[in-house]
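Q: After the C-alpha cells below, expect a handful of questions from me.
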Amino acid sequence: MATLAGTSVELGFAEPVVEAWRLLSPQFPSKVGGRPAWLGEVGLPGPEALACGGCGRPCCFLLQLYAPSREPRGFHRSLFVFCCRDPACHRPGKPPPFHVFRNQLQRRNDTYSYDPPPDNPPPEGIACSSLRLKSGAHLCRVCGCMAPKACSKCHSVHYCSKDHQVADWKFGHKKLCSIQTELPDAAIPDHDFLFPQYEIVTEPEELGSESESEKEADDDNEAKHAESTTAGIGTLLDVKDAQDLEDLAKHETKEDKIFAHFKNKIAPEPKQVLRYCRGGDPLWISGDHVPQDTDIPNCSCGAKRIFEFQVMPQLLNHLNVDRIGDSIDWGTLAVFTCAENCGDEKEYCKEFLWKQDLAIDPV
C-alpha cells in the first residue's frame with residue numbers, strides 16, 4: 001500500500017493484475033479500469049453526478065489513486081476519475097468529459113479495521129463482490145456505481161441508469177431474468193463498457209540534474225529548428241515581413257522547447273502513466289491551453305485548489321481506445337484538489353480536472 005505524500009514526484013505505472021483480491025476496497029488499491037473500489041460507503045456520487053456533461057450518458061470509471069494525507073481525517077484517502085466513453089465528447093475544444101471525486105476516512109471508522117489490511121487473500125468461501133457494499137447498498141452490474149434502479153421482474157440485479165439496464169438485458173439478462181440471482185464478479189458478462197483493469201504501482205522519480213544526453217537533445221532540437229526557419233525565410237519574404245518571421249520563430253521555438261522538455265523529463269521512465277506531486281506543478285506537454293490561477297475554481301468550501309496529480313498520455317496505450325476518426329485522447333489530465341482537504345466520511349467531494357490536448361506536432 002503506497003503512501004503518496006510530500007512534495008517529491010511519485011511515478012505511477014500500469015501493471016497487469018496478478019491477484020485480483022488486492023484491488024478490492026479493503027486493500028485500499030490504486031488501479032486503472034474495471035469497477036471502482038469505493039472507499040467510504042456513504043455519499044457515493046449518484047447517476048446525475050456521473051453523467052457526461054456533453055452526451056448525458058453515464059461516465060466510465062477510469063482510475064483511482066490511494067493518496068493518504070497527514071490530517072487524521074484523511075488517514076485513508078482516495079481520488080476517483082471517471083470519463084465518458086463516447087469519442088465524440090473528447091474532441092479538442094469541447095468541455096472535458098471527466099469527473100473527479102475525493103473521499104477520506106479516519107483510521108477508526110465503521111467500514112475498515114483499525115489495523116493494516118491483511119497481506120493474504122480472503123478465506124475461501126467468503127465472497128468479495130464489487131457490486132454490493134458492506135452496508136447492503138447495491139452497485140450497478142455494468143459499471144459498479146450507485147444503482148438506484150433494479151430489474152422490475154427479478155429484482156436481483158441493479159443498475160445506475162436505463163442505459164445500463166438495456167445493455168445488460170442485451171448481454172444475457174433477458175434469458176436469465178426469471179432464474180437469475182445475484183452473480184459473483186467472475187460470472188458477470190463483459191458489457192464492452194469498462195476499461196481494462198491494471199494495478200497502479202508507484203515509485204519515486206529519481207532526482208538529479210538534466211543529463212548530458214537530454215541537454216544534447218535540447219541543443220540539437222534548437223539547432224534543427226533554427227536551420228529550418230532560416231532556410232524558409234527566402235521563400236516567405238514576399239508574404240511576411242522580418243518582424244512577422246521573428247515572432248513566428250520565437251513562438252515555435254518556445255513550443256519546441258516545452259515539448260522537448262516533456263519528452264526529456266519522461267525519457268528515463270517512458271512507461272509512466274501518472275505523476276503525483278501534491279502542491280507541485282504539472283508537467284505540461286504544450287504551451288497552449290495552460291491554465292491560469294483564475295481558471296482553477298476554488299473548492300466548494302471556499303479554499304483554493306492545488307495540483308495533486310496528472311494522468312499521462314501513455315495510459316491511452318492500455319485502454320484499447322484507438323479509433324479511426326474521433327477517439328478518446330488527451331495530452332495530459334491535471335487534477336486539482338482542495339488545499340484544505342475538506343470533507344468527511346459522509347461525502348465524496350467533487351474536484352477539478354484540466355484537460356490539455358496535444359497541440360503541437362511531435363516530429
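The values are calculated or read from the model by the stated rules, or taken from the named source; none is laboratory data. Computed from a predicted structure; not experimentally measured. In this analysis, Cβ positions are derived from the backbone assuming ideal geometry, glycine residues included, and neighbour counts consider all displayed protein chains. Please note that ligands, DNA and RNA were not included when accessible areas were found on the heavy atoms of the full protein model with its side chains. Shrake-Rupley method; radii C 1.70, N 1.55, O 1.52, S 1.80 Å.
Q: Looking only at region 91-108, filter to residues that are under 21 Å from Glu351 (Cβ atoms) and at pLDDT below 95; which one of those is least open to solvent (accessible area, probe 1.4 Å)?
A: Step one: of region 91-108, the residues under 21 Å from Glu351 (Cβ atoms) are 94-106.
If we keep only those that are at pLDDT below 95 as well, we get 94-96.
Details: Lys94: 90, Pro95: 103, Pro96: 62 Å².
That would be Pro96.
Q: Can you pull out every residue in region 53-80 that is open to solvent by less than 10 Å² (accessible area, probe 1.4 Å) and either among the hydroxyl-bearing types (Ser, Thr, Tyr) or closer than 22 Å to Lys162 by Cα (or both)?
A: The answer is Cys59, Cys60, Phe61, Leu62, Tyr66, Ser78.
Q: Can you tell me which residue among Ser211, Ser135, Ser113 is modelled with pLDDT of 90 or more, among the small types (Gly, Ala, Ser), over 23 Å from the mean Cα position of the chain (by Cα) and open to solvent by less than 90 Å² (accessible area, probe 1.4 Å)? Lay out the reasoning, then the answer.
A: Numbers: Ser211 fails: modelled with pLDDT of 90 or more; Ser135 fails: modelled with pLDDT of 90 or more.
Only one candidate passes the filter, namely Ser113.
Q: Can you tell me which residues in region 163-179 are open to solvent by 80 Å² or more (accessible area, probe 1.4 Å), assigned to a helix (DSSP H, G or I) and farther than 18 Å from Arg57 by Cα?
A: Once the filter is applied, which keeps residues that are open to solvent by 80 Å² or more (accessible area, probe 1.4 Å), assigned to a helix (DSSP H, G or I) and farther than 18 Å from Arg57 by Cα, region 163-179 yields Phe171, Lys174, Lys175.
Q: Within region 290-318, take every residue that is assigned to a helix (DSSP H, G or I) and either open to solvent by 50 Å² or more (accessible area, probe 1.4 Å) or modelled with pLDDT under 95 (or both) and give me the one that is farthest from Ile266 (Cα to Cα).
A: So the first thing to find is which residues in region 290-318 are assigned to a helix (DSSP H, G or I), and the list is 293-295, 313-318.
Narrowing the set further to residues that are either open to solvent by 50 Å² or more (accessible area, probe 1.4 Å) or modelled with pLDDT under 95 (or both) leaves 293-295, 317.
Numbers: Asp293: 25, Thr294: 28, Asp295: 26, Asn317: 16 Å.
Residue satisfying both the conditions and the ranking: Thr294.
Q: Test Gly46 against the stated conditions and say whether it is surrounded by fewer than 20 Cβ atoms within 10 Å (Cβ to Cβ) and closer than 19 Å to Arg102 by Cβ. Give the derivation first.
A: Values: surrounded by fewer than 20 Cβ atoms within 10 Å (Cβ to Cβ): yes; closer than 19 Å to Arg102 by Cβ: yes.
Spelling it out, Gly46 is indeed surrounded by fewer than 20 Cβ atoms within 10 Å (Cβ to Cβ) and closer than 19 Å to Arg102 by Cβ.
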